[in-house]
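The values are calculated or read from the model by the stated rules, or taken from the named source; none is laboratory data. As the structure is a computational prediction, the values presented were derived from the model and not from experiment. So basically every Cβ, Gly included, is an ideal-geometry build from the backbone, and we count neighbours across all protein chains shown.
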Amino acid sequence: MLNTNSEYLKPEIMDVIRAFGCEDKDFGHYFSFGSGKFFNAVECDGEFYDFENECEVEGDLEFKRLAKRFAKLAFYNVLSKRYGRLPWGALTGIRPTKLAYAEISAGRDFKNLFKQMDVSEANTLLVEKTIAAQKGIYDKGGGQDLFISIPFCPTKCEYCSFITAPITATKKYVDEYIDCLIGEIRSVKPLVKKLNSVYIGGGTPFVIEAVQLEKIYKAVAETFPSIPEYTVEAGRPDVFSEEKLMLSKEYGVTRICVNPQSLNDKTLAAIGRKHTAEQFFKAYKTAEKYGFDINVDLIAGLAEEGVKDFEYSLDEVTFLNPANITVHTLSLKSGAKLKENVKRLNVSGIANMVNLSRDKLEAAGYSPYYMYRQKYQAGGLENVGWCKGGKPCVYNINVMEEISDNIAVGANAISKKLFGDENRIERLASPKDIPTYISKVAQIIADREKLFALM
């Protein structure tokens with residue numbers, strides 16, 4: 001339990017406490033500020049620690065930002081001496097690169113801040129390489145990206161938190177859902193001034209029938225005849241078909257995702273995926289002949305996999321030489337079956353798996369091009385997208401760095417409008433439940449038009 005005199009600092013401090021697995025311990029905290037100095041006093045197990053940080057402050061927003069930073073650092077310093085360092089130090093945010101960009105924009109070397117926050121040298125270098133890979137995309141910024149949600153799946157995986165249900169249980173909604181989705185797609189045309197990319201995600205978009213998929217493709221093509229980057233997160237290999245791939249090519253899709261998560265059949269069965277590694281290889285080879293840029297997702301830490309199990313999947317995927325490989329670290333997410341049974345992830349060898357992916361992918365010619373972190377992630381690690389041949393995904397960079405508007409349509413979709421001059425973002429979330437979304441789609445369209453009318 002945490003007792004503090006500054007309630008607005010409590011969520012930030014608790015993030016650090018949770019990172020060390022100390023939620024059940026009692027802590028005391030007293031914060032004060034004076035003469036340009038931030039003071040944090042921490043009580044832990046009857047011992048008291050005092051910390052002082054001096055920094056120039058301009059405005060209330062900067063004051064709160066620095067107060068949160070130094071409070072987190074105070075608790076990190078106490079706990080790291082007891083339990084050891086964390087790979088990302090006192091950083092608890094999901095976007096380390098965004099923090100680095102903020103320092104660069106202010107004319108400072110972000111590596112100095114990362115050192116102060118005790119970020120490992122390896123992770124500081126990872127951020128530096130990611131920023132380098134984003135050049136030419138980050139610099140442009142602005143414009144809009146369109147996300148289209150297809151929240152249907154063959155089955156729900158153990159680790160997944162997305163609001164999806166097996167297609168067998170939701171099939172009766174699909175046609176009406178697509179009609180609503182098409183109406184949304186057409187409605188956003190006036191809101192798009194400069195289209196950067198289109199991303200159809202899920203769920204598992206390829207789980208719907210080819211004729212249904214074509215309706216969506218046709219609506220997109222009629223609304224946006226020219227799309228610089230067009231991704232379809234086709235998803236699980238057990239729903240691939242030649243017809244769906246041909247349609248994707250015909251309607252201008254440039255990039256697809258074939259996501260096995262693991263290439264060990266025992267693991268796939270344990271996490272609730274009804275396909276085999278062999279089906280993945282077949283789907284990949286079929287997709288490859290159409291000339292798409294292909295992304296493959298892997299998850300480190302699945303279903304009691306060891307380092308050798310993960311290394312096998314990594315080696316097999318790397319051998320295929322896709323344009324993108326995304327390595328996720330297993331995370332406990334609200335709404336996932338996994339979180340119902342596990343309070344904290346303690347995955348043996350997880351750091352070795354992630355380090356192995358860095359070493360092997362860089363050796364194979366891949367560069368990290370986007371990254372993010374999640375709460376309750378095994379080992380306090382991260383997710384990293386890797387690209388080869390100068391083929392980063394524009395959509396992923398824009399979304400993760402929050403440098404463009406995101407216009408999102410469909411159930412459980414969240415639109416984001418950037419107000420750059422004011423350094424703020426406004427969000428509009430659609431209902432997660434499919435029947436509720438269908439019943440409220442007209443209001444969703446009206447609310448989005450109101451938000452983006454402020455452009």
Inset, instruction - Among residues belonging to region 125-155 that are of a type in the set (V, I, T) and over 19 Å from G390 (Cα atoms), point out the one that is modelled with the highest pLDDT. - result: I148
Inset, instruction - Give me the pairs, please: first residue somewhere in region 282-304 and within 20 Å of N352 (Cβ to Cβ) and free of Cβ contacts under 8 Å to residues at least 24 places away in the same chain, second residue anywhere and among the acidic types (D, E) and assigned to a strand (DSSP E or B), beta-carbon distance under 6 Å, and either six or more positions apart or on two chains. - result: none
Legend entry - Condition broken by Y376, with the remaining ones in (1) crowded, with 22+ Cβ neighbours inside 10 Å; (2) on the phi > 0 side of the Ramachandran plot; (3) of a type in the set (S, T, Y) satisfied: (1)
Inset, instruction - Those residues that are modelled with pLDDT under 95, over 20 Å from F419 (Cα atoms) and not hydrophobic (A, V, I, L, M, F, W, C), I need them from region 90-106; list them, please. - result: T92, G93
Legend entry - Verdict on N406 being surrounded by 20 or more Cβ atoms within 10 Å (Cβ to Cβ) and out of contact with any helix residue (DSSP H, G or I) (no Cβ under 9 Å at 6 or more places or on another chain): no
Inset, instruction - Please report, ordered by residue number, the strands (runs of 3 or more DSSP E) entirely within region 344-455 with at least 1 residues that are more than 20 Å from L298 (Cα to Cα). - result: 405-409, 414-419, 424-429
Inset, instruction - Quickly run through region 215-254 and pick out the residues that are without any contact (Cβ under 8 Å) to a residue 60 or more places away in the chain, closer than 24 Å to S187 by Cα and part of a helix (DSSP H, G or I). - result: K215, Y217, K218, A219, A221, E222, T223, L247, S248, E250
Legend entry - region 288-310 - residue that is out of contact with any helix residue (DSSP H, G or I) (no Cβ under 6 Å at 6 or more places or on another chain) and in a helix (DSSP H, G or I) and, of those, surrounded by the most Cβ atoms within 10 Å (Cβ to Cβ): D309
Legend entry - In region 29-76, residue surrounded by the most Cβ atoms within 10 Å (Cβ to Cβ) [restricted to those that are over 32 Å from the mean Cα position of the chain (by Cα) and of a type in the set (D, E)]: E43
Legend entry - Residue pairs meeting the criteria (Cβ under 6 Å; at least 6 apart or on separate chains; first without any contact (Cβ under 8 Å) to a residue 60 or more places away in the chain, in region 422-446; second exposed (fewer than 13 other Cβ atoms within 10 Å of the Cβ)): R427/I414; A429/I414
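Among the candidates G272, G252, G301, single out the residue that is in the same structural domain as C393 (by TED's automatic domain parsing), modelled with pLDDT of 95 or more and of a type in the set (G, A, S).
G252
Could you name every one of the strands (runs of 3 or more DSSP E) located completely within region 1-106 that has at least 1 residues being in contact (Cβ under 8 Å) with a residue 12 or more places away in the chain, in the same structural domain as Y369 (by TED's automatic domain parsing) and not β-branched (V, I, T)?
Filter on region 1-106 gives an empty set.
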Inset, instruction - State all residues of region 214-236 that are surrounded by 24 or more Cβ atoms within 10 Å (Cβ to Cβ) and of a type outside the set (S, T, Y); if no residue qualifies, say none. - result: V232, A234, G235, R236
Legend entry - Pairs with Cβ under 6 Å, 6+ apart, first in region 193-211 and of a type in the set (S, T, N, Q), second outside any helix (DSSP H, G or I): N196/G143; N196/D145; N196/S404; S197/D145; S197/E229; T204/C153; T204/G235; T204/R236
Legend entry - Matching residues in region 260-314 - criterion: being of a type in the set (V, I, T) and over 22 Å from the mean Cα position of the chain (by Cα): T267, T276, T286, V307
Inset, instruction - List every residue pair whose Cβ atoms lie under 9 Å apart, where the two residues are 6 or more positions apart in sequence or sit on different chains, the first residue falls within region 262-275 and is under 14 Å from G306 (Cα atoms), and the second residue, located anywhere, is assigned to a helix (DSSP H, G or I) and basic (K, R). - result: none
Inset, instruction - Tell me, please, whether a residue that is over 26 Å from M246 (Cα atoms), modelled with pLDDT of 95 or more, assigned by TED's automatic domain parsing to the domain that holds L268 and in contact with a Leu (Cβ under 8 Å, 6 or more places away or on another chain) can be found in region 199-217. - result: no
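Matching residues to (1) farther than 30 Å from A122 by Cα; (2) among the charged types (D, E, K, R); (3) within 18 Å of the chain's Cα centre (by Cα):
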site: L361; (1), (2), (3): no, no, no
site: Y372; (1), (2), (3): no, no, yes
site: K388; (1), (2), (3): no, yes, no
site: N412; (1), (2), (3): yes, no, yes
Inset, instruction - For region 167-184, name all the residues that are among the hydrophobic types (A, V, I, L, M, F, W, C) and closer than 22 Å to D238 by Cβ. - result: I167, A169, V174, I178
